[in-house]
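Beneath this line is the structure, given in structure tokens, with notes to follow.
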Amino acid sequence: MPPSPASRPASPLRTERIAATPMAFVRAIVLGYEKYGVDPSNALKQAQITPSQLRRVDARITAGQMETVSAAAMQELDDESLGWFSRKLPWGSYGMLCRASITSPNLGVAIARWCRHHRLLTDDIVLRLERRGDVAHYLIEEKRDLGDFREFCLVTSLRFLHGFACWAIDSRIPLRNASFPFAPPPHEAVYPLLFPDQVIFNATHTGFSFDAQYLSMPLRRDESALRTMLQRALPLTILQYRRDRLLVQRVRELLRQRGAQLSTADALARELNISTRTLHRQLHDEGAALQNLKDHTRRELAIEQLRRSTRAIKQIARSLGFHNEKSFARAFRQWTGVSPSEFRKNTD
């Protein structure tokens, strides 16, 4: 199986104990058993899923249970696609995709290789990577009717690639959105856990989009790391990757572009589709602090405006998110040792 989101997930034990995976996905696995005429009882028993639980529409299982039932099914059926496609994907197929991509110079090449080599496994779905300006789009085109396997196939296929991409560059890749060409299912509430960004149902296509800057990031994993990851990749497919190596840069850009509107940690976190606590934690992981980033960005912008414009100091203060000219002058003196008016006078 391909890796998913994290070599170091934020609270693995706690996350694996939360019953968040919809039973609908387990029922899709059972459909695979029915397709091949195999009894699923052993896999369900290993995962401690009872027949009554399986029938409940609103039932949930933990990540650990999902790992157990999926791994058992893939090996018993010798099909890592669990019956989705017109032919089996034997055990190790997705590991082959990982190995074909892991030597790529950057993420863009790795995803392109993933898409190309996936066609060697099946042509029931076609994977495609497109770049439009500063946004990258990963798309799935259905070439045949997937029937009752459709939702589980499309959701899992997106998670496979996103997980591998995050793991390969050792960085969380925030999604701008994830789209699905079907109506919201009864377990719609689980989607924000799988795709913690904007989820669009009844879309024209299946896919997700993200900042194209991530495509140029080099891969940070080697064959040895890949072998280790593949020994237990399944539980990672539902955990979100913690580290974001571009987060500091993205925060700086937002502060430069919309610092006055995004002057608080809460506002920035909402814009980035993460919690305020996660924002502070991830910045700390990258050796940065939000207040330092805000001060540095404000200092740069203040100096630029004082040097290159004739705007009143009060207007500059307001554009940088300061409540008044006095608080701006106090901060500017701490940054430079002189007041804004003195700085402007000395640069004339």
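A few remarks follow.
- Segment 40-55 residues that are within 15 Å of T21 (Cβ to Cβ), paired with ones that are among the hydrophobic types (A, V, I, L, M, F, W, C) and open to solvent by less than 30 Å² (accessible area, probe 1.4 Å) (beta carbon under 6 Å, 6 or more apart): A43/V69; A43/A72; A43/A73; A47/V69; Q53/A59
- R27 vs. criteria modelled with pLDDT under 90, open to solvent by 40 Å² or more (accessible area, probe 1.4 Å) and part of a helix (DSSP H, G or I): no
- Residue within segment 135-149 that is over 26 Å from E34 (Cβ atoms) and of a type in the set (F, W, Y) present: yes
- Qualifying positions in segment 313-335 - of a type outside the set (G, A, S), assigned to a helix (DSSP H, G or I) and either touching a residue at least 60 places away in the same chain (Cβ under 8 Å) or touching a helix residue (DSSP H, G or I) at 6+ places or on another chain (Cβ under 6 Å) (or both): I313, K314, I316, E325, F328, F332, W335
- Taking the listed residues S93, S52, S81, the one that is farther than 30 Å from R277 by Cβ, of a type in the set (S, T, N, Q) and at pLDDT 95 or above is S81, with no other qualifying.
- Filter result for R131 (open to solvent by 60 Å² or more (accessible area, probe 1.4 Å) and either touching a helix residue (DSSP H, G or I) at 6+ places or on another chain (Cβ under 7 Å) or at pLDDT 95 or above (or both)): yes
- Only a single criterion out of (1) modelled with pLDDT under 95; (2) closer than 15 Å to F160 by Cβ; (3) out of contact with any Ser or Thr (no Cβ under 7 Å at 6 or more places or on another chain) is not satisfied by M66, namely (3).
- Only a single criterion out of (1) surrounded by 12 or more Cβ atoms within 10 Å (Cβ to Cβ); (2) within 22 Å of the chain's Cα centre (by Cα); (3) basic (K, R) is not satisfied by R277, namely (1).
- Among the residues of this structure, S101 counts as one that is within 17 Å of R227 (Cα to Cα), open to solvent by less than 10 Å² (accessible area, probe 1.4 Å) and of a type in the set (S, T, N, Q).
- Candidates L226, L268, L230, L293: the one that is at pLDDT 85 or above and under 30 Å from C153 (Cβ atoms) is L226.
- Contacts under 7 angstrom Cβ, first residue in segment 291-312 being among the basic types (K, R), partner part of a helix (DSSP H, G or I), 6 or more apart: K294/L255; R299/W335; R307/T347; R311/Q305
- Restricting attention to segment 186-202 and to residues that are open to solvent by less than 20 Å² (accessible area, probe 1.4 Å) and assigned to a loop (DSSP other than H, G, I, E, B), the residue that is nearest to A136 (Cα to Cα) turns out to be F195.
- Of the residues in segment 110-121, none is among the charged types (D, E, K, R) and open to solvent by less than 40 Å² (accessible area, probe 1.4 Å).
- Selection from segment 151-182 of residues that are surrounded by fewer than 18 Cβ atoms within 10 Å (Cβ to Cβ) and free of Cβ contacts under 8 Å to residues at least 40 places away in the same chain: N177, P181, F182
- Check on R60, within 17 Å of W167 (Cβ to Cβ), surrounded by fewer than 22 Cβ atoms within 10 Å (Cβ to Cβ) and charged (D, E, K, R): no
The values are calculated or read from the model by the stated rules, or taken from the named source; none is laboratory data. Quick caveat: nothing in here was measured; it's all calculated off a predicted structure. With ideal geometry, Cβ positions are generated from the backbone for all residues, glycine too; neighbour counts draw on all protein chains shown. To get the accessible areas, we keep the full protein, side chains included, count just its heavy atoms, and leave off ligands, DNA and RNA. Shrake-Rupley method; radii C 1.70, N 1.55, O 1.52, S 1.80 Å.
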